[in-house]
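The values are calculated or read from the model by the stated rules, or taken from the named source; none is laboratory data. Because the structure is a prediction, the values reported are computed rather than measured. Neighbour counts run over all protein chains shown; Cβ positions are idealised from the backbone, glycine included.
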């Protein structure tokens, strides 16, 4: 049986993740704009109390939960593609360690299950990415000559740009302009600007970096020179943002899920099929574990 342990913390919860987890060296942490997932194999995670905003999963339950997350079944945009790519990049970037060496084969098997589940049950829903919805919102402004400004240069920005670059020019505001210029998406930008640069902001501003609310307000106030700016805010706490500037429009993270509300019946059917497929995989995995309780070594 798998001895993988996962603790999940959603940013939709009202309180922060337990400090004990963050201090615990037995954990690896993967973080997205929606959640933190902590990975371990050591039972001593039970030596401290979890908060009421955290969930813990063991063994195949942990693998099942991870598959659901990577399939986009735990995302507001069901079937979104970004989360799977983000996790694969994170896993590949991990330094060689006992944990990675031990679980890499299982993780690769999980990747295969995710790919199969997505292809068979969630095909077409992947277009509900944040990039596609961002393009739709900007298109609705009928501003064909727009320049799109991105604050941030992480993976989410990298995944959004292919949806943007065929219709509009874009600029990137970041802290390490030299590093970003070396990337494919950076080299295609019309400009790479230091986050502290004193330049006017474009009419469309995409926020995909962990600025505080005050920092964002100041950024816009100093750089909004002429027309009011339309802000598309993908920060994890964007729903609580109160803007103090005259904006043309403002969209926070949850606003991007409302555009798919009219597809809910079809989406729910896809979710049911995907979860059924994952349940079948889990049942087969449990059956194999029962036949060979000690793994291949008992043969």
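Details
- Highlighted here are the strands (runs of 3 or more DSSP E) found entirely within region 159-232 that include at least 2 residues which are closer than 22 Å to residue 82 by Cβ: 169-174, 204-207.
- Being closer than 25 Å to residue 36 by Cα, at pLDDT below 95 and in contact with a helix residue (DSSP H, G or I) (Cβ under 7 Å, 6 or more places away or on another chain) is a description that applies to residue 130.
- Restricting region 142-161 to residues that are more than 17 Å from residue 33 (Cα to Cα) and surrounded by 14 or more Cβ atoms within 10 Å (Cβ to Cβ), the residue that is nearest to the chain's Cα centre (by Cα): 161
- Cβ-Cβ distances below 7 Å connect the following pairs, each with a first residue in region 121-140 that is in the same structural domain as residue 163 (by TED's automatic domain parsing) and farther than 20 Å from residue 72 by Cα, a second residue that is assigned to a helix (DSSP H, G or I) and at pLDDT below 85, and a separation of six or more residues or different chains: 136/259.
- Candidates 50, 73, 77 - the one that is out of contact with any strand residue (DSSP E or B) (no Cβ under 9 Å at 6 or more places or on another chain) and modelled with pLDDT under 80: 77
- Filter result for residue 210 (over 25 Å from the mean Cα position of the chain (by Cα), modelled with pLDDT under 95 and at negative phi): no
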